[in-house]
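Novice: Below is one structure. I have some questions about it.
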Amino acid sequence: MEKELTVKEQPTSNMLVFGSQNNFEQAMRMAKCLSSSSIVPEIYRGETGLANCIIALEMANRIGASPLLVMQNLYMVHGNPGWSSKFLIATLNTCGKFTPLRYEHENRETDKWRCRAFAKDKTGETLYGAWVSLDMAKKEGWFGKNGSKWQTMPELMLQYRSAAFFQRTYAPEISMGMHTAEELADIVELSYEDVTEKVKNEVDQKANKEEINLPDHQEKEPEKNGQEKDQKTEEKQTPKPVGKQPTPSFMQQ
C-alpha cells in the first residue's frame, strides 16, 4: 500500500506592521531592539537602520519567517533588494504547500546541460518548473559576465535559477515579487559610457582657440667668464683714495 502524502502548512503571524497603529507601535519597539544588536547586518543598525528594521519585520510577518533570517538573507544588488537563493529554497521547503524541492538534470557536462525543479503539492500532483540550461545562460548574457559563477559552479547556478523559476510559477507570494540576489547580479546592467572618443574630439575642436598673451621678459645678459667676474669683485673690495679734502675752519690761520 502506497504511503499517503501529507503536507502540513506552517502557521504564519497575523501581526502586519502597517495593519494598525497598535501593530506599528509594537513593531517600533521590536525594531529598536533589533537595531541595537551587533549581529544584524550594518544597514539595520542604529537610528539610520530603524526604518529598515521595520520593513524587515513586515516582510518576516508576511512570509512567516524569523526577522533575523530576513535581515541576514536580504541583499542589496546595484540598489535593488533581492533574496539569497538558499533562503528562498529553504522558505519554499518549509512553507507547507509543497514537498521539498528536487532537481532533474539532463545532458550533464555539455553545452545543452539543463535543469528543472519539481515538487509535489497537497494533492500529490508533481509540479515541474521551467527548464534552465547553460545555453539559456549564454544567450541571456549571464554566463559571460566578469566574475560569473556560471563558469565555475554551473550545477549550483542551474539549481538556484530553476528553484527561482519554480517559486515564481507556483508560490510568487513567498518572494513578494522580488528576484534572488544571484538573478540581480546577472540581469541588472550598470550604465556605462565610454567617453574616450568624446573627450578626444572635444580637445581637437577647442584646443588653441584662444590667444594667450604672455608678458615680455627682458633678455638675460650673457654670463661673463669667470675672470671678468673675479676682476669686478676685486674692484668692489679694493679701497680707493679719498682725494684732497677742504681744511676745517678752526685749523686755518
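The values are calculated or read from the model by the stated rules, or taken from the named source; none is laboratory data. Since we're looking at a predicted model, the values are computed, not measured. Cβ sites come from the backbone with ideal geometry, for glycine too, and all protein chains shown count toward neighbours.
Novice: Only one of ILE63, ILE55 is modelled with pLDDT under 90 and in contact with a Ser or Thr (Cβ under 8 Å, 6 or more places away or on another chain). Can you tell me which?
Specialist: Working: ILE55 fails: in contact with a Ser or Thr (Cβ under 8 Å, 6 or more places away or on another chain).
Unique residue meeting the criteria: ILE63.
Novice: Also, quick follow-up: Those residues that are surrounded by 19 or more Cβ atoms within 10 Å (Cβ to Cβ) and either within 15 Å of ILE43 (Cβ to Cβ) or polar (S, T, N, Q) (or both), I need them from the stretch 60-82; list them, please.
Specialist: Residues satisfying the conditions are ASN61, PRO67, VAL70, MET71, ASN73, LEU74, GLY82.
Novice: Can you find a residue in the stretch 42-51 that is in contact with a strand residue (DSSP E or B) (Cβ under 9 Å, 6 or more places away or on another chain), modelled with pLDDT under 90 and surrounded by 12 or more Cβ atoms within 10 Å (Cβ to Cβ)?
Specialist: Yes, that holds for at least one residue.
Novice: If you don't mind, there's one more thing I want to ask. Go through PHE118, PHE143 for me and flag whichever is more than 17 Å from VAL77 (Cβ to Cβ), surrounded by 11 or more Cβ atoms within 10 Å (Cβ to Cβ), modelled with pLDDT of 95 or more and of a type outside the set (Ser, Thr, Tyr). Can you show your working first?
Specialist: Numbers: PHE143 fails: modelled with pLDDT of 95 or more.
Testing whether each residue is more than 17 Å from VAL77 (Cβ to Cβ), surrounded by 11 or more Cβ atoms within 10 Å (Cβ to Cβ), modelled with pLDDT of 95 or more and of a type outside the set (Ser, Thr, Tyr) leaves just PHE118.
Novice: Can you report the number of residues in the stretch 29-41 which are exposed (fewer than 15 other Cβ atoms within 10 Å of the Cβ) and not small (Gly, Ala, Ser)?
Specialist: Counting residues in the stretch 29-41 that are exposed (fewer than 15 other Cβ atoms within 10 Å of the Cβ) and not small (Gly, Ala, Ser) gives 4.
Novice: So which residues in the stretch 87-101 are in contact (Cβ under 8 Å) with a residue 60 or more places away in the chain and either over 19 Å from LYS149 (Cα atoms) or surrounded by fewer than 21 Cβ atoms within 10 Å (Cβ to Cβ) (or both), if there are any at all?
Specialist: Taking the stretch 87-101 and keeping what is in contact (Cβ under 8 Å) with a residue 60 or more places away in the chain, we get 88-89, 91-92, 94-99, 101.
Across the stretch 87-101, the qualifying residues are THR91, LEU92, THR94, CYS95, GLY96, LYS97, PHE98, THR99, LEU101.
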